Amino acid sequence: MPTALITGVTGQDGSHLADFLLDKGYRVFGLARRSSGDNTQRLANIREHITLLDGDLLDQASLLRIVEQTQPDEVYNLAGMSFVPASWQQPVLTGEFTALGVTRILEALRQGCPTARFFQASSSEMFGKVRESPQRETTPLHPRSPYGVAKSYGHFITINYRESFGIFACSGIMFNHEGPRRGLEFVSRKITHAVARIKVGLADELRLGNLQARRDWGYAGDFVRAMWLMLQHDEPDDFVIGTGVTHSVQDLVETAFDHVGLDWREHVVVDPALYRPAEVDVLQADPSKARRLLGWQPQVEFAELIGMMVEEDLNLVEARNQKPENRSAQERHVVS
Ligand code: GDR
C-alpha cells in the first residue's frame, strides 16, 4: 500500500487530495497544526480513514520526526498562508510558512526520507505583473504581494533541492481553483455564498473590491489529480496547472447571480477598501505541458463550477435556517 503525507490536509486542497488518494488505495497521513478549535470539518467523511499527526511548518524537529516515522512514498506540501490580502498584514509570518516552511520540509526529507517524491503547491500569483500571456513554466516571475514573493521562494527552493540533492521534487504552478470547500474569504466562495443568502432573503448586499481583475478559475477536484499525476511521472518537473480560460470577477458575479435568476447590479456594491495595495490584473494558464506529458485536462468548466458552488451554498444556507442540530459539520464550520 503506497503511503502519502499531506501537509495542509485540513484545507480545501488537502481534503480533496485525501479523498482522491484513499480512493486509489493509499495510506494517508495528514500533518495538522494544533489548534484550540476543531478545524477538521472538511475531513468529516474520511476522518477515520486517515491519520492526523501534530506538526507545523514552523517546527523543523516536528517535520523530521513525522517524515522518519511515516516514511512516505509521496509528500504533498499544501500547507501555508493562502489568502493574498492577509500577506500584507503579516508579511514575515507569510514568509515563515510559505517560503521557509518549504525548505524545512525539504530538509526533513533530505535527512529522513530522501527517496520520497515531493509535490510543492506553487502559485500563479508568482507571475503577478505578467510578462507574457498566457503564462507557462518558463514565464519570468514578477510577484505582486508578500504571498507571491514567498511562493516564488518555495518554487525555487523546490527546484534547488531537486538539482542539488537529486530529490524527486516537483512544483505545480497552480492557477486559482475553487469549489464548495473553498474558504469564505476567497472571491468565488464569497460571491456564491452571498448569492445564496440573497436568494433566500437573508442578505441584500454584496460588497466587493476590483471587479475587473481576471483569473483562470478551475475546479479543485481536477487540480489534485494533476498533483498526483506529477508524482507518477518518470522525471520530476514543473507544470502549470490551469484551465487556459480567463474570466473577470464581474463575469463570475454575473454567472452566479444569473444561476438563481437575480440581477447582480441590484446587489453588488464596489468597496474601494477591498482593493489590494498591488493587484494582479490578469492571469491565464497555458497548461499544454501538463496535457502533453501528464495527460491532464480539467473536466469541470467555469459555468458548471460556479453553478455547483451556488447550489451547494443554497443547501447550506437553507440548512442554517433549520435547527442547529440538523446542520452538518461543514455548515457549523461556515456559520462560525
Ligand atoms: P487570489 O484569490 O488572490 O487570486 O489567490 P481571491 O479569490 O482572493 O481573489 C481573486 C481576485 O478577486 C478580486 N476581488 C476580491 N477578492 C477577495 N478575496 N474578496 C473580494 O471582495 C474581492 N473583490 C475583488 C481580487 O482583487 C483578486 O484579483 C488565490 C489563492 O487561492 C492563492 O492561495 C492561490 O495561490 C491563487 O489563488 C492561485
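Each value in this text was obtained by applying a stated rule to the coordinates, not by laboratory testing. From a predicted model like this one, the values you see are computed outputs, not experimental measurements. All Cβ positions, glycine included, derive from the backbone under ideal geometry; neighbour counts span all protein chains shown.
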Between Asp258 and Arg291, Cβ-based FRET efficiency (R0 35 Å, step 0.05) works out to 0.70
Could you list the residues of region 140-161 with an amide nitrogen less than 20 Å from a label point located 7 Å from the Cα of Val92 in the Cα-to-C-beta direction? 145-151, 153-154
Pick out which of Ser248, Ser171, Ser36 has the largest mean-square fluctuation in a Gaussian network model of the chain, springs linking Cα atoms closer than 10 Å. Ser36
Helical segments meeting 24 Å axial Cα length and Kyte-Doolittle -1.0 threshold in the chain (DSSP H): 146-165, 302-320
Reciprocal mean inverse distance between Cα atoms of region 255-300 - Kirkwood radius, Å: 14.9
Percent relative contact order of the chain, based on C-alpha pairs within less than 8 angstrom and at least six residues apart? 17
Taking 7 Å along the Cα-to-C-beta vector as the label spot, tell me the Asp204-Val245 distance in nanometres, rounded to one decimal. 3.5
For the pair Leu22 and Glu318, how long in nm is the line joining their label points, each one 7 Å along Cα→Cβ? 2.6
How much length is gained if the chain between Glu279 and Gln71 is pulled fully straight, taking 0.36 nm per residue apart and subtracting their Cα-Cα distance, in nm to one decimal? 70.8 nm
If contacts are Cα pairs under 8 angstrom and at least 6 residues apart, what is the relative contact order of region 23-131 in percent? 28
Per the helix-only model, the chain has a calculated mean residue ellipticity at 222 nm (DSSP H runs of ≥4, -39500 (n - 2.57) each, divided over all residues, rounded to the nearest 500) of -12000 deg cm²/dmol
What is region 137-293's relative contact order, in percent, from Cα pairs under 8 angstrom and six or more apart in sequence? 30
Report the calculated FRET efficiency for Phe165 and Thr138 (r = Cβ-Cβ distance, R0 = 22 Å), to the nearest 0.05. 0.40
Quick one: 3J(HN,Hα) in Hz for region 275-285, Karplus 6.51/-1.76/1.60 with θ = phi - 60°, rounded, Gly and Pro as x. 6, 8, x, 9, 9, 9, 6, 8, 10, 8, 7
Could you name the lysines in cross-link range of Lys199, using Cα to Cα under 25 Å and dropping any fewer than eight places away on the same chain? Lys190, Lys323
